[in-house]
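All remarks here apply to the structure that follows.
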Amino acid sequence: MYTLRCAAEENCLSSSAYSSSVRDLDYRVLLRFPQRVKNQGTADFLPVKPHYDWEWHSCHQHYHSMDAFSNYDLLDAATGRKVAEGHKASFCLEDTSCDPGVRRRYACTAHTQGLGPGCYDTYHANIDCQWIDITDVSLGDYILKVTVNPGFQVQESDFSNNVVRCDIRYTGLYVQTNNCRITGY
């Protein structure tokens, strides 16, 4: 828990992590995964808030330009019921890479963040909140649902490509992932 204190400040852990009985040496089980988002449209994907309204997080030493860039849900494969969740506030919305012939225009700064057409924003699995806390999840089969721009705050020409679902098998020792697909809403 000690190494997760910044993530805890951003509410990235399941509710049991906030119990008064939880101590610094306790641990959590995290389903970590990378995320790569592409702007397939013709216009820039920009934070809704103007830069002077971005929220500074002193623990992580960065600004959040959007409250909810992505939501992560772990759904029971048999019932579709949500058993765990996570979220990613945008802290560094930038063109980390672009299609051939497309120039990167956005970098992670305090004043300019965005995702240009034909460019990608990549979040690696080792960064805070790029996970779902599955400490309280039973072994079994699940669906990982990742939704970008979940509140439709940023205007897009097509929202039907914002959800990806992957089949997950959780054994307690490892997670097996298969059949990742864009599923629409």
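Looking only at segment 149-171, residues that are open to solvent by 20 Å² or more (accessible area, probe 1.4 Å) and either modelled with pLDDT under 95 or in a strand (DSSP E or B) (or both) come to 16 in all. Selection of segment 80-109 for residues being modelled with pLDDT of 95 or more and either touching a His at 6+ places or on another chain (Cβ under 8 Å) or at positive phi (or both) yields G80, G101. In segment 69-91, the residues that are more than 16 Å from A125 (Cβ to Cβ) reach residues that are part of a loop (DSSP other than H, G, I, E, B) and among the β-branched types (V, I, T) with C-beta atoms within less than 7 angstrom, at least six apart or across chains, in these pairs: V83/V137; A84/I134; A84/V137.
The residue that is farthest from the chain's Cα centre (by Cα), counting only those in segment 32-61 that are touching a residue at least 40 places away in the same chain (Cβ under 8 Å) and within 23 Å of T3 (Cα to Cα), is C59. The listed residues are R81, R32, R28, and the only one of them that is out of contact with any Pro (no Cβ under 6 Å at 6 or more places or on another chain) and crowded, with 17+ Cβ neighbours inside 10 Å turns out to be R28. Considering segment 59-70, the residues that are outside any loop (DSSP other than H, G, I, E, B) and open to solvent by 50 Å² or more (accessible area, probe 1.4 Å) include one that is farthest from Q113 (Cα to Cα), namely D67. Residues in segment 42-100 that are aliphatic (A, V, I, L, M) and farther than 30 Å from D136 by Cβ: A43, L46, V48, L93.
The values are calculated or read from the model by the stated rules, or taken from the named source; none is laboratory data. Computed from a prediction, not measured in an experiment: that's the story for all the values here. Positions of Cβ are backbone-derived with ideal geometry, glycine not excepted, and every protein chain shown enters the neighbour counts. For accessibility, only protein heavy atoms count, side chains too; no ligands or nucleic acids. Shrake-Rupley method; radii C 1.70, N 1.55, O 1.52, S 1.80 Å.
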